[in-house]
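Peer 1: Below you will find the structure I want to go over with you.
The values are calculated or read from the model by the stated rules, or taken from the named source; none is laboratory data. These numbers were taken from a predicted model, which means no experiment stands behind them. Note that we place each Cβ from the backbone using ideal geometry, even for glycine, and neighbour counts take in every protein chain shown. In case anyone asks, the SASA skips ligands and DNA or RNA and just uses the protein heavy atoms, side chains included. Shrake-Rupley method; radii C 1.70, N 1.55, O 1.52, S 1.80 Å.
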Amino acid sequence: MKKRNLFVQTCCHALQVFSFRSILAFAVILSFAAKTGVAADHPTLPIGAKAPDFSLKGVDGKMYSLKDFSKAKALMIVFTCVHCPTAQAYEDAIMQIVKDYKSKGLAVVAISPNDPKSIRLDELGFTDLGDSYEDMVIRAKDKQFNFPFLFDGETSAASLKYGPQATPHVFIFDKDRTLRYSGRIDDGLGVPGKAKSFNTKKALDELLAGQTITVPKTKTFGCSIKWPEKQSLTNAEELSWAKEKVTIEDIGIDSAKALLGNKSNNYRLINVWATWCGPCVTEFPEFVTINRMYRQREFELTTISMDDPSRKKNALAFLTKKQASTKNYILTGDKYQFIDVLNKDWEGSLPYTILLAPGGKVLYSKQGLIDPLELKKLIVNSMGRVFELPPNIKIPEE
């Protein structure tokens, strides 16, 4: 109990010192509990154990089990996912391992253990995708994965047998499928040039050379596994949204110009809409979702209603129904002047969306319905997909 209390106090102190804006940062630090054994939900497969079998669907539509890799001299199973910033940071490293060791007899397979329904929207701040099978297919295609990527999120049954503690978590088995190494890829958190200890590669080199693995177990670091029982956390998040205050304020032409100047440090997404605009109403929930994903980072969503000011209550009623606890405005100035201020090339039809970088540079503008995935990719690529710990937070070696 003392160890657990000390860990919680340390996490809280770290949040105060570093002024993290995001529960994402807290979630990343909190996942450290799983790696220290303070709050492990499920036990990790011990060194010397046999590889549990599985039957899982890959992003290529095929079913895979252990027998599909029976000819390999060694088997590396890495539990990873799509949404986690650390997992994304290691994707290239995993693909490089495949290239470097395939000719030496290594087979590599990745498994996503996460239940998509157990991931809160505020945990998606470093990604454009979640961890559904469909999202896995998109990510694998985008990155051109050179290894099978299997979905276990429906029940997490296979993953529970292995007990990964974070994504990514590597398990290396010898030719008899006895576990010889469990832990991280390296100590660099996926940040290029930062790693000093290449634990997975060293373990593979030693194993394939017939040697005893020097360090058979290391700590992992990344996002905690989203086991099915964590759906209660997403349910709690949904309940909290209904409690957030929704407001709407008047905005004139001069204030609109200031918005476009974007002197903040945030990426500013502006959606211009109206209650009488069918496409606006249809796509509005996508903006609410985008806001919930990225609002804990350097991002803000602003909506501007083009309803007549006399319909301000109607606009507020719509925003309240959609739980749009964003910065909401209704235009009080001349609409044609506003159109020219926002973009002289804009013809004036709704909806209209624009994304501004800090300083006001236009990164995206669209008249008509947005492509949500395209826009989310642009947002997260602009802000960055990789999370780095502050330099004075250290991860234990073992």
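Peer 1: What is the number of the single condition among (1) surrounded by fewer than 20 Cβ atoms within 10 Å (Cβ to Cβ); (2) in a helix (DSSP H, G or I); (3) touching an Asp or Glu at 6+ places or on another chain (Cβ under 7 Å) that Ser159 does not meet?
Peer 2: If we test Ser159 against (1) surrounded by fewer than 20 Cβ atoms within 10 Å (Cβ to Cβ); (2) in a helix (DSSP H, G or I); (3) touching an Asp or Glu at 6+ places or on another chain (Cβ under 7 Å), just (1) comes out false.
Peer 1: Going through the stretch 181-195 one residue at a time, which ones are buried (at least 21 other Cβ atoms within 10 Å of the Cβ) and either β-branched (Val, Ile, Thr) or in a strand (DSSP E or B) (or both)?
Peer 2: The answer is Tyr181, Ser182, Gly183, Ile185.
Peer 1: For Val281, only one of the following conditions fails: (1) in a helix (DSSP H, G or I); (2) under 30 Å from Lys143 (Cα atoms); (3) touching a Phe, Trp or Tyr at 6+ places or on another chain (Cβ under 8 Å). What is its number?
Peer 2: It is condition (2) that Val281 fails.
Peer 1: Does Ala203 satisfy the condition of being buried (at least 22 other Cβ atoms within 10 Å of the Cβ) and either in a strand (DSSP E or B) or among the aromatic types (Phe, Trp, Tyr) (or both)?
Peer 2: Values: buried (at least 22 other Cβ atoms within 10 Å of the Cβ): yes; either in a strand (DSSP E or B) or among the aromatic types (Phe, Trp, Tyr) (or both): no.
Answer is no for this residue.
Peer 1: Please count how many residues of the stretch 225-242 are of a type in the set (S, T, N, Q) and in contact with a Pro (Cβ under 8 Å, 6 or more places away or on another chain).
Peer 2: Within the stretch 225-242, the first condition is being of a type in the set (S, T, N, Q), and the residues that meet it are 231-232, 234-235, 240.
Next, only the ones that are in contact with a Pro (Cβ under 8 Å, 6 or more places away or on another chain) stay: none.
The number of residues fulfilling the criteria is 0.
Peer 1: Suppose we filter Thr212, Thr178 for residues that are under 23 Å from Tyr101 (Cβ atoms) and touching a Gly at 6+ places or on another chain (Cβ under 8 Å); which single one remains? Before you say what the answer is, go through the steps one by one.
Peer 2: Numbers: Thr212 fails: touching a Gly at 6+ places or on another chain (Cβ under 8 Å).
Result of the check over Thr212, Thr178: Thr178.
Peer 1: Taking the condition within 29 Å of Arg385 (Cβ to Cβ), in contact with a helix residue (DSSP H, G or I) (Cβ under 8 Å, 6 or more places away or on another chain) and surrounded by 14 or more Cβ atoms within 10 Å (Cβ to Cβ), does Phe198 pass?
Peer 2: Values: within 29 Å of Arg385 (Cβ to Cβ): yes; in contact with a helix residue (DSSP H, G or I) (Cβ under 8 Å, 6 or more places away or on another chain): no; surrounded by 14 or more Cβ atoms within 10 Å (Cβ to Cβ): yes.
The answer is no for Phe198.
Peer 1: Hey, another quick one. Considering only the stretch 253-263, I want to know if a residue exists there that is surrounded by fewer than 13 Cβ atoms within 10 Å (Cβ to Cβ), in a loop (DSSP other than H, G, I, E, B) and of a type outside the set (Ser, Thr, Tyr).
Peer 2: Checked against the condition, which is being surrounded by fewer than 13 Cβ atoms within 10 Å (Cβ to Cβ), in a loop (DSSP other than H, G, I, E, B) and of a type outside the set (Ser, Thr, Tyr), the stretch 253-263 yields at least one hit.
Peer 1: Residue under question is Val170, and the condition is that it be without any contact (Cβ under 8 Å) to a residue 60 or more places away in the chain and either open to solvent by less than 20 Å² (accessible area, probe 1.4 Å) or small (Gly, Ala, Ser) (or both); does it hold?
Peer 2: On the way: without any contact (Cβ under 8 Å) to a residue 60 or more places away in the chain: no; either open to solvent by less than 20 Å² (accessible area, probe 1.4 Å) or small (Gly, Ala, Ser) (or both): yes.
Answer is no for this residue.
Peer 1: If you check every pair at least six apart or on different chains, which have Cβ atoms under 8 Å apart with a residue in the stretch 192-204 that is touching a residue at least 24 places away in the same chain (Cβ under 8 Å) and farther than 13 Å from Ala93 by Cα first and a residue that is open to solvent by less than 20 Å² (accessible area, probe 1.4 Å) and among the aliphatic types (A, V, I, L, M) second?
Peer 2: Ala203/Ile172; Ala203/Ile213; Leu204/Ala74; Leu204/Met76; Leu204/Ile97; Leu204/Leu106; Leu204/Ile172
Peer 1: Here is a list of conditions, (1) in a loop (DSSP other than H, G, I, E, B); (2) of a type outside the set (A, V, I, L, M); (3) open to solvent by 60 Å² or more (accessible area, probe 1.4 Å), and Thr247 meets all of them except one; can you say which number that is?
Peer 2: Looking at each condition in turn, Thr247 falls short on (3).
Peer 1: Quick check on the stretch 233-244: of everything there that is open to solvent by 70 Å² or more (accessible area, probe 1.4 Å) and free of Cβ contacts under 8 Å to residues at least 60 places away in the same chain, which residue is farthest from Ala166 (Cα to Cα)?
Peer 2: Ranking the qualifying residues of the stretch 233-244, first place goes to Lys243.
Peer 1: Search the stretch 89-113 for residues that are touching a residue at least 12 places away in the same chain (Cβ under 8 Å) and on the phi > 0 side of the Ramachandran plot and pair each with any residue that is open to solvent by 10 Å² or more (accessible area, probe 1.4 Å) and not acidic (Asp, Glu) when their beta-carbon atoms are under 6 Å apart and the residues are at least 6 apart or on different chains.
Peer 2: Between residues of the stretch 89-113 that are touching a residue at least 12 places away in the same chain (Cβ under 8 Å) and on the phi > 0 side of the Ramachandran plot and residues that are open to solvent by 10 Å² or more (accessible area, probe 1.4 Å) and not acidic (Asp, Glu), the close pairs are Gly105/Ala72; Gly105/Lys73.
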